[in-house]
Amino acid sequence: MSTVIPTPILNPRGAGSLPPSRRAFLLDRDGVINVNFGYVHTPEATEWVEGIDALCVAAQSAGFGLVVVTNQAGIGRGLYTEAQFADYTAWMLRQLSARGIDILRVYYCPHHPTAGQGIYQTQCACRKPAPGMILAAARDLDIDLAGSVMIGDKASDMQAALAAGVGRCIQIDDPSDARLPGVAYVRDLSQAREVLLGA
């Protein structure tokens, strides 16, 4: 199994480190930050998920640092390059920063075990449900995982968080996913904010 996790993309406008609490609010990207139309990688294809601003601002105000952990198999499938993903991510970070949302880092996995091309076809340690991206973030930023929260829209997000030891897991409910113990299921980001603030 490959253990090489790509270097995360840092936010040049962000604080660069966690707040003193060492707690992180870990976010999946597609389906949580932007609407998941499938392999989104351009500004023109971007639509923000309703409630993401209020959720992130609430998390920051509650003492969490924001960190994105996202599977990006579109890279491995040859739909866009790592350079294109980096350019798009820089644009995304600027857009969010302008609205008071300062994501510290974006960790991404470009691999796929069967559909990846060339070096990207690998059973890696970073593609969720594997916990590699979260564990890398914890090492890099000295995150208190037990005091942290993960939000995603798929069971694989929750499985990765639980395997990494994240203390609180929130999933936007998907009826097609089996329910996992220890996960709070919410209808939308507004309800996620209520759960976060009550955690």
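Just so it is clear, none of the values below were taken in a lab; they were calculated from the coordinates. Only a predicted model underlies this, so the values are computations on that prediction, with no experimental measurement involved. Positions of Cβ are generated from backbone atoms using ideal geometry, with glycine treated the same way; all protein chains shown enter the neighbour counts.
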Per DSSP, the loop-located trypsin sites (Lys or Arg not before Pro) within region 74-138 having at most 15 other beta carbons within 10 Å are Arg99
Residues Ser156, Ser21 in order from fewest to most other beta-carbon atoms within 10 Å are Ser21, Ser156
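Please report the antiparallel percentage of the DSSP beta bridges confined to the chain, to the nearest 5.
Around 10 percent antiparallel, to the nearest 5.
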Counted neighbours (other Cβ, 10 Å), sorted fewest up, put Thr114, Thr122, Thr42 in the order Thr114, Thr42, Thr122
Checking Asp174, Asp144, Asp157 against a Gaussian network model of the chain (alpha-carbon springs below 10 Å), the top fluctuating residue turns out to be Asp174
Per GNM of the chain with C-alpha springs under 10 angstrom, the most fluctuating residue out of Gly165, Gly118, Gly74 is Gly118
Pseudo-spin-label distance Val57 to Trp91, built 7 Å along Cα→Cβ, given in nm, is 2.5
Quick calc: nm separation of the 7 Å Cα→Cβ label points for Phe37 and Asp173 -> 2.8
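222 nm [θ] for the chain, helices only, -39500 (n - 2.57) per DSSP H run of 4+, per residue, to 500?
Helix-only estimate at 222 nm: -9000 deg cm²/dmol.
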If every Lys and Arg gets +1 and every Asp and Glu gets -1 at its Cβ, then about the Cα centre region 69-199 yields a dipole, in debye to the nearest 20, of 100
